[in-house]
Amino acid sequence: MGNETSRNSGELINPAVTDEIQEKETSRRNLEDNVQNIPITPSNTILGNIVERKFDEKYKFDSNRVSTVESELGFPKVFKLDDMELTQKLNTSSKQSLFRQHVSTLKSVRDDSVKVQRNESLHRNKEEANFIAEDQLATEIHRENLDKLAKMSEAEILKEKKILKNTLNPKVIQFLINKRKCGKRSIEESMQDTVSVANKAIMDTNVFREKKLKLFSNNNNDTKMGNNTSSVSIAKETVMDVEVSNKKIKLASNENNTNMDYEDDTVNIPKSSKEILEAGKQKGWLHMDTPEPEKLKWMEDLTEENKDESATNGEYNARFDFNGILLPYKDKNLTLDMGLHHHGEEPERPGYSLQELLQLSRSSIQQQRCKALTTLANVMEETHNAVYDHVLHLSPLIALSQKNILLLLRFSLDDSSIAVVTATLQALKAFLVCNVDERCLDKLYGFDGYREPTLMPQLEDKDTSSLKDHELAQLDAVATLLRSDFLLRIRYILNEMHPPPVGVTCALKILIRLARHSHTTALNISSTPYLLDTIIKNFMPLSIDRLAMQDAINNVYGIPVIMAIKLCRVLVTYGKKPVAQKLNNFKVIHIILTYVSSETGKDDLNLSIESLRLWRMLLHYEVGLESVAGALISQLQLLLSNHDIQNTYKNELVNERAAALIAVASHERSLRSHISTLLKKWSTQFSSISKPRFDVMRLIAETLSAVDEISAFETAWLSNKHIFSELRYSSNLLSGKHPSTDREPSCLPNLNMFTDNEEPQPIVKLSSCIPFFSIVLKTFYNHSRVAEIRAILEQPDFYKYIRDLGEFDWCLERSWYSRTELYLLTTMVKAASLLGNTINNRTAQIIWKITIKLVSALPADATDHVRELLQIALSSEKINLDVIVNELAKLDLTASAATDQVKIDLRSDAASLYERYIVPNGDWNQAAMPKDWIFLPLVHIYNKCKSDIRLQSEDKNSVLMVLRLASILPDLTRRLSPTLQFSRLVLVYLCDTVYLDKDVSVLLAKIMSNLLTRHHARLDFRAELPGLSSFTDLFTALCEQFCSSSYGDDDFAATLLVPVAQRHDAHYRKLLWSEHAAALRYLRLSPGKLLLPLKDYLYPEEEDASLIDGYITALVRGTIKETWCPVPFAIALHHSAMYLRRTSKLAVRMRTQMEKLQNRDIADRLLRYEPPQL
């Protein structure tokens, strides 16, 4: 066999093959790369014949490794560990399991002798093993190599060595050299390493004992660490096992030293820890036999730190208790064993921060997750209640929203644990839902018809499909939930997991909040497969027997839930007729009839109220009308016989239920006679009430709205001053309060019932009478009851109320709750128009001012009211045309024919001109008209000019109309800031050349003069103006227009110079004197025609050196002359001369240059200038 031959001859490679390989290697050695001239490294791999390995001795099976029992049974013998063996014999600090430690102990007994023999052999033959292989084949090859080397001369050996160096890789050669050097030192280094390891073990042991002495006091003087005898004994009792492969050194102490003997040990431990350790030793607790210093530190009392008084006065991290209450920085009455102290950051302070609660909410321990989620829910609830306004730097709701708590809660909602899901529903409800807003909406339900607010964020880009979840969560929280299949998850939770009552209630409240997002969202909820089916089946059962029988409800499935009925009502409100028809398919009317007619003894009033409200919404869409008469006639008879306002004065729910019942009964004509009887009864009782309450007035207002004929309505209450006494204090518009802007995130709009001073809006107070008067005045207006309207307007408290509304600025105009008051005032204006000239002038003037304010205060979804108010405010009856014509005549306009035309224009075109600018179908939180609505035609015409659209004659008439109204009716602009008025009036100069018309010029000059004479000191061109990006752009456009088409118009020039007065930013002066210096030549007006005093252009003195340089340059070059532009010349001369008088280096250098100026006239005037006496 070839293998045998090769092995017996000692040749690894066939000689013929060897010669051929050597020839190729010789030729390759001289081969170089033809391109880069780099020698090519030859291959170091040489493959020879396959050689079979020979074994000198056979493997011997060691029968001692297997016990007799194992050989007989085939399995190891079962052993059992008792408690004492666990605590005394095994190493409790090891990371190995108890079973592994025990097996290792048994194995070590058998393997000790083998290890000792193997180690001795390793040390004895280590040097030879580095160079000679253990098998016989390597020995033979080594011997043949030695024989060949003996036959060769030294020159031949060096020659072959050189060939090998050129052939082999230099890295391989260096590796072999290093290996040989290491081999020579291996035994010496191994001995040195053994000694060093022993010394290190002694040092580590000493350090460990030192650390124990720092934690526990030592009472035995014989056991000091400096004792040499002790060190020697430790070295003898330490067994070292060096693992070279893992580069680890394991030090195992003697078994007698690892177990602590509490009686003889001199270490003093804290009493509480010592008791626990002693109990653990006696009872055999696992891992309690040896004290662990690192863990005992967690049980120590906190060290007394220096008190930082400044921390309590400045900002510090907010910490909350489990009820969501903010804890003080330090509470001396709260010791460390009483508060919520833990071992996180700031262990000396009780409570949990928001970040710690967020971390705990993702804990692997279920109880921690639940507690963290419920605590976060409590914190957010308190935030909704305005508890932390002006207390925390960032509102907790905003801070948690920025941390994407919505996504975290959505993840937690997918948990399989009912407890975690319930806690998550509580937290999610607290984040999304404001309970106070919901209660207020229920309180005002029905006063605004069937409208309720849409709580959807206003996004610039409506397309959010490209946004990621965390991006969308910062813009629209509800849309983020809907994208994540939240509705399907809620359906599964309610249908399969069956959470407790609090979880069900929270889930239903969340769905209510989602439905308030938009009409589309309400339709999505109602059309989610089996979601409404699940809710109606489980929480709106036809029978209420279980509700009446159970005292404590632990499971609401099969029991009527009020929130489920409210959800259906809200879905109908937002989803409209499709949802009403779907509920009709579920036979909801039968359920409602059961709830209305049954009495359970507990919560029956709330259940009945919500059921009647749902029925009312269904009737609005013509669902369930056939059941009204038969079901409610007996209820109305009970009200007639049993319901008296005086007797139900202390029970608000009774009156609320009666009002809801009347609202449903009003849809059946046959029942209106019964309602009229109730109206006569209750209105008579109302006249004698001394402290009217909201629920009583609601009942009367609802009854009044339900009847066709109001002859049964007794009006003796109009003389009851107690009914009007709270009118002024129930007003949102006069409250002086403002909505909070930093409580809730923008992704989650709410109604902000609490204002910025943490107080509720006045209109929802228990004594609020504004909704009542809104219904009453509307009814009187619809029935043209002039006497009753006059009686209300002349009532002293009502007059004070409207007088204050005419004088003061309004607050909370954009609040949803203020809508009722705005509608009251709108109805009052309409009702007052019925009185005509019979109303006194003072009251008429007040009402006209309120009308002007209402035009910009009414919401954008009430455009019909705005049109009516414009017709009333700008009608000929409200504008005294004779006074207007006389005022216009004083302005020296064109002939009397034009005056007649003015009269016609004001009568016919004023209202129609502004109606075209009303925003159609807007949102409830936006105004139908801006506050500067009088200037809207100017803005429109200016935009046409910017778009290069040619102006028509009607545009000029529109400009004239605006100027006439602004001139004659200053109340139209009284609420606008002077800066806003100025920025709108200058648009006339940018509307092509319409300002050159004589009438326009005269009117504009008069208005500008009146404005700046009174308010020029209040101009602030740095303020933000609606519809204007920056005043700089507007001023630049004015400069360009003045140069191109003004022909040096004095009025235009005077207006252009207003922003360059010294009290304004120097930026405008630089624009005029540098980029638009060509306009200076055409500023020919005299100082007497300025709109501002000349002093405002001369003082304070200019500080900007670049402007001074521009002034001097214009003077020297003759750009400005006193003859043709006296005002710019006076400005430049004054500031330049006053600057040259200064002692600064720049001023001295400029004065020196001025003395050398060839134009001696300018030089003398600058150097000998005397400021004018102003």
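Throughout, read-outs are computed from the coordinates displayed, never taken from laboratory work. What you see is a predicted model, and the numbers here were worked out from it, not measured in a lab. So basically every Cβ, Gly included, is an ideal-geometry build from the backbone, and we count neighbours across all protein chains shown.
Structure data summary
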| item | result |
| --- | --- |
| Order of Asp533, Asp1051 under a 10 Å beta carbon neighbour criterion, fewest first | Asp533, Asp1051 |
| Under the Karplus curve 6.51 cos²θ - 1.76 cosθ + 1.60, θ = phi - 60°, whole-Hz ³J(HN,Hα) for the stretch 1097-1107, x wherever Gly or Pro sits | 8, 9, 9, x, 5, 5, 10, 7, 5, 5, 5 |
| Separation of the Arg546 and Leu146 label points, Cα + 7 Å toward Cβ, nm | 9.8 nm |
| Per DSSP, loop chymotrypsin sites (Phe, Trp or Tyr not before Pro) in the stretch 1038-1072 with at most 11 further Cβ within 10 Å | Tyr1047 |
| Under the Karplus curve 6.51 cos²θ - 1.76 cosθ + 1.60, θ = phi - 60°, whole-Hz ³J(HN,Hα) for the stretch 1126-1135, x wherever Gly or Pro sits | x, 5, x, 5, 5, 5, 5, 5, 5, 5 |
| Residues Asp992, Asp289, sorted so that the one with the fewest Cβ neighbours within 10 Å comes first | Asp992, Asp289 |
| Of Lys830/Lys956; Lys691/Lys737; Lys691/Lys849; Lys956/Lys1095, those spanning more than 27 Å from alpha-carbon to alpha-carbon | Lys830/Lys956; Lys691/Lys849; Lys956/Lys1095 |
| Residues Glu471 and Asn555, FRET efficiency given R0 of 41 Å [Cβ-Cβ distance, rounded to 0.05] | 0.50 |
| Sites Lys944 and Asp756, calculated FRET efficiency, Cβ-Cβ separation with R0 51 Å, nearest 0.05 | 0.80 |
| Gained length - Ser1044 relative to Gln101, 0.36 nm times residue gap less alpha-carbon distance | 329.5 nm |
| Amide H contacts under 5 Å for Tyr445, placed H, 5+ residues apart | none |
| Cα→Cβ-extended label distance, 7 Å offset, between Thr1013 and Lys1070, nm | 3.6 nm |
| Table column - 3J(HN,Hα) (Hz), the stretch 692-704, Karplus curve with 6.51, -1.76, 1.60, x for Gly and Pro | x, 10, 4, 5, 5, 5, 5, 4, 5, 5, 5, 5, 5 |
| D (Stokes-Einstein, µm²/s), Kirkwood Cα radius, the stretch 624-714, 1.002 mPa s at 20 °C | 164 µm²/s |
| Cross-link table Lys582/Lys778; Lys371/Lys403; Lys330/Lys509; Lys778/Lys931; Lys537/Lys577, entries beyond 28 Å C-alpha to C-alpha | Lys582/Lys778; Lys330/Lys509 |
